[in-house]
Protein chains: 2
Amino acid sequence: MSVQAELENPARQRLRNVAIVGATGAVGAELIGCLERRGFPVAQLKLLASVRSAGKTLMFKGRPLVVEPLTAEAFDGVDIALFSAGAAISREFAPLAAARGCVVVDNSSAFRMDPATPLVVPEVNGGLLASRPMIVANPNCVAAIAVMALAPLHARNPIVRVIGATYQSASGAGAAAMAELELSTAAHLAGEAFAPKVLPHPYAFNVFSHNTAIDPATGYNGEETKVMDEIRKLMAAPDMRVSFTCVRVPVLRAHSMALTLEFEGQVTAMEALSWLADAPGVRLVNDSENNHFPMPSEATGVDDVLVGRLRGDASDPTGRSLTLFLAGDQLLKGAALNAVQIAEQYAL
Amino acid sequence: MSVQAELENPARQRLRNVAIVGATGAVGAELIGCLERRGFPVAQLKLLASVRSAGKTLMFKGRPLVVEPLTAEAFDGVDIALFSAGAAISREFAPLAAARGCVVVDNSSAFRMDPATPLVVPEVNGGLLASRPMIVANPNCVAAIAVMALAPLHARNPIVRVIGATYQSASGAGAAAMAELELSTAAHLAGEAFAPKVLPHPYAFNVFSHNTAIDPATGYNGEETKVMDEIRKLMAAPDMRVSFTCVRVPVLRAHSMALTLEFEGQVTAMEALSWLADAPGVRLVNDSENNHFPMPSEATGVDDVLVGRLRGDASDPTGRSLTLFLAGDQLLKGAALNAVQIAEQYAL
């Protein structure tokens, strides 16, 4: 029986008090949606946000809930809090919540690389939740989506090297970036000037390197470094050699990526397809005849990570490399869905 | 003195009769523009197109020219013809033009991999034009843009492996695809349905695998196979191991790509930057402090290929790999500009 089916089984249900920190953001809205549609056993839902956003009303299961200001005391009586309000908020409030007996699933980068904090994608390393840690880190969106395809392959034939190039959507930079993409595109089509406010470069019909700071020592940007480190941590593969180029494309909410993988032993695309066919949370979209492969338009609003374009890497004559293409919803598997899946493990 | 400066030198000028085949297409318009702004010594310009487009009027140097129907006889008295009307037209008419003493610079794929036909990017292998071949192939747009960065590096430290992922614009599929991107995006923003006509998938705020047929033997699509084969031919490196993933992104007319390169010997990003700094037709855009790197918005309408994000590949501990990002105008260096640069070698 799946986790979700077990949760929907009244015999297993134990209602929980849940809080969402950053309820008014793009991920916050998806967290509310995931709790609702997955039938999470919510006793009471508390929506928390900055003082600026407090007082707003959001709907949960057809009923209005007023957003409350984030304070340490707000976590009293809360069983599980889903944080998505940035690393600074998480660093300050997650320990305060945990000290009050509230489990924290943190969508920020604050604790992801902390050796004491598990970084979890339930399908990949959900076993780390067995010890019921008080703070669990939810990974970077690219890392979460990537490991959905990497882990089932790695389990059969260890992956030794990953080279990735991403096609990242606006949603990773928040609701304001999504709005900027739409507004700037409308302006472009109307032949009007548009000064970017949220992102550092024009976004309409444009592509740009991810806008996180470049590490002068390595040349990799902050996003790439996170993705590379978090993939290794999620896969429990500290020696896996990983390189990513993280790029924003004018897409609203699903991330795509082209990956080239080198395995320890020889591998064929057919074998890899069979390994992925069984993988939970993965949907193969690999219809060569109709040129139908993973696309952000089809990954949007979908829980599964779409995987396809699997082929032997023509640049590796040893037959140990494959190349493939993925698309996954940045706000779902890349953020809210994964956080709620983690919370579900605590509700069993 | 540059080729262009020499051409503008009256002492060197010998006026040529020039024809453009496919004058009414997206590349045709750019061919007219390149001849004009580069001061190509045109005696008479003949615009040729299908019967359907014949009769239209286009401007050249401020004067209207009527598009004529494409026939074999149209090449009588023409010195150089620039073909951009698809491979079938090139296969039929290029030999007929050449037989009439007209040099053909062919932008289609018809002759690119023909061992008897040189495939030329002047900055890379312009020496092949010394023998004055009657038909010269202009490369695939991705290949032409890629080799602008690859060749100057390869000359100093041989490149043994290339792994590329592209971010290709609408213009590669022609003017109708550019229009479809704009129309479908406007419809999306208005919340209206839009049925794709030119491209097989929705293009507004979407990304999809290049819509050329997949080779069932390799899993690579037609575009990828062209890029991989043509890079090897352009670089005169038949053993170079190359793998590309070709992807369309919602950008109007400039292609970008993320490349990971493995060299024969060790190499640093600093060395590579110094080799590229001197390369003709390359502009370094590598400002880490301001997060300013190659973008299609800044490559659009620009002759140079923009190169940046140069860094040592974190997935290769031997120090022999680099990764970088390029952007180049698909209609200029990827098509019309390169064709006119080839023609210029014949006008000297």
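Quote the charge dipole size of the stretch B:15-139 about the Cα centre in Debye, to the nearest 20; the model charges only the Cβ of Lys and Arg (+1) and of Asp and Glu (-1). Walk me through the numbers before you get to the answer.
On the way: 12 positive and 10 negative charges, 57 e Å.
Using Cβ point charges on Lys, Arg, Asp and Glu, the stretch B:15-139 gives about 280 debye.
Taking only DSSP H segments of four or more residues, each worth -39500 (n - 2.57), what value at 222 nm results for the protein assembly as shown once the sum is divided by all its residues, to the nearest 500 deg cm²/dmol?
Roughly -8500 deg cm²/dmol at 222 nm, from the helical runs in the protein assembly as shown.
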**Fill in**
Listed with the fewest Cβ neighbours within 10 Å leading, A:R112, A:R161 appear as A:R161, A:R112
**Message:** Skipping prolines and chain starts, which residues have an amide H placed within reach, meaning under 5 Å, of the one on A:V104, given they are 5 or more residues away or on another chain?
**Reply:** A:A81, A:I135, A:V136
**Fill in**
Any lysines whose Cα falls less than 22 Å from that of A:K61, other than same-chain ones fewer than 8 residues away, would be A:K46, A:K333
**Item:** Residue with peak Gaussian network fluctuation, chain A [Cα springs, cutoff 10 Å], from A:E182, A:E73, A:E230
**Value:** A:E73
**Prompt:** In nanometres, what is the gap between the two model label sites at A:R63 and A:A186, each 7 Å from Cα along Cα-to-Cβ?
**Reply:** 3.6 nm
**Prompt:** Which net charge results when you count Lys and Arg as +1 and Asp and Glu as -1 among the other residues whose beta-carbon is under 14 Å from that of B:R112?
**Reply:** -1
**Asked** Nearest-to-axis residue of chain A, judged by Cβ, for the A-to-B rotation, with distance in whole Å?
**Response** A:A165, 2
**GNM flexibility winner over chain A from A:A81, A:A98, A:A155 (Cα, springs under 10 Å)** = A:A155
**Request:** Sum up the charges of everything whose Cβ sits under 12 Å from the Cβ of A:H210, counting Lys and Arg as +1 and Asp and Glu as -1, but leave A:H210 out.
**Result:** +1
**Fill in**
Taking r as the C-beta separation of B:A72 and A:E271 and R0 as 60 Å, the FRET efficiency to the nearest 0.05 is 0.65
**Request:** Evaluate the distance, in nm, between pseudo-label points positioned 7 Å from the Cα of A:S131 and of B:A87 along their respective Cα→Cβ axes.
**Result:** 5.9 nm
**Centre separation in Å (Cα based) which lies between the stretch A:162-206 and the stretch A:97-160** = 29 Å
**Request:** Run the quick spin-label model on A:R156 and B:A176: label points 7 Å from Cα toward the beta carbon, then report their separation in nm to one decimal.
**Result:** 4.1 nm
**Asked** For A:N140, what charge total do you get from the other residues with a beta carbon under 15 Å from its beta carbon, if Lys and Arg give +1 and Asp and Glu give -1?
**Response** -1
**Fill in**
In Å, the Kirkwood estimate of hydrodynamic radius for chain B over Cα pairs equals 20.8 Å
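Rule-based calculations on the coordinates, nothing more; no lab input. Predicted model only: the values in this text are computed from it and were never measured. Positions of Cβ are backbone-derived with ideal geometry, glycine not excepted, and every protein chain shown enters the neighbour counts.
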